[in-house]
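Here's the structure we're looking at; comments come further down.
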Amino acid sequence: MPPRIFVPNEGLKRAGKHFTEGATRKEALSLYREILRTCRAFHWTDEKGQAWSHRLKEQARMEFEQSREEPDPLIIARMLVTGRDCVQQIQQKFNDADRAAWARIERDSERRR
């Protein structure tokens, strides 16, 4: 079966029924909280001495505020899916790096014995 091509404004009202305001608000708040929790893992500072966690929190807040008045439910859904995917990728990379660091620590401690 060939992929379905999305035509703008075709079925926009129908798509809007699936994204109620309450559901998208809950999802957006959930994503925002997840971003803030993930920002805590960034303990480094930039060249100006400002903590990355602080800069990332400010950037997330700014992007959520800019998107607050978006009327199109499909664009809102796309932003939520993209945001969730990005957060999950960052978390996965941190977990992989953490596992690799612990593996190096174990290897080094075994060599010293």
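Run the reach check for Lys26 against aspartates and glutamates, Cα to Cα strictly under 13 Å, same-chain hits fewer than 8 apart removed. What comes back? Filter leaves Glu34. Each of Arg25, Arg84, Arg104 has its accessible area taken with a 1.4 Å probe; listed largest first, they run Arg25, Arg104, Arg84. Placing a pseudo-label 7 Å from each Cα along the Cα-to-Cβ vector at Glu106 and Gln89 gives an inter-label distance of 2.9 nm. The overall shape of the range 34-113, judged from the alpha-carbon gyration tensor, is oblate: a/c is not under 1.5, and a/b is no greater than b/c. Counting heavy atoms of the protein chains alone, Thr38 has an accessible area of about 20 Å² for a 1.4 Å probe.
The 1.4 Å probe gives accessible areas that order Cys86, Cys39, largest first, as Cys86, Cys39.
The values are calculated or read from the model by the stated rules, or taken from the named source; none is laboratory data. Just so it is clear, the model here is predicted, and its values are computed rather than measured. Note: ideal-geometry Cβ built from the backbone for every residue, glycine included; neighbour counts use all protein chains shown. Only protein heavy atoms, including side chains, enter the accessible area calculation; ligands, DNA and RNA are left aside. Shrake-Rupley method; radii C 1.70, N 1.55, O 1.52, S 1.80 Å.
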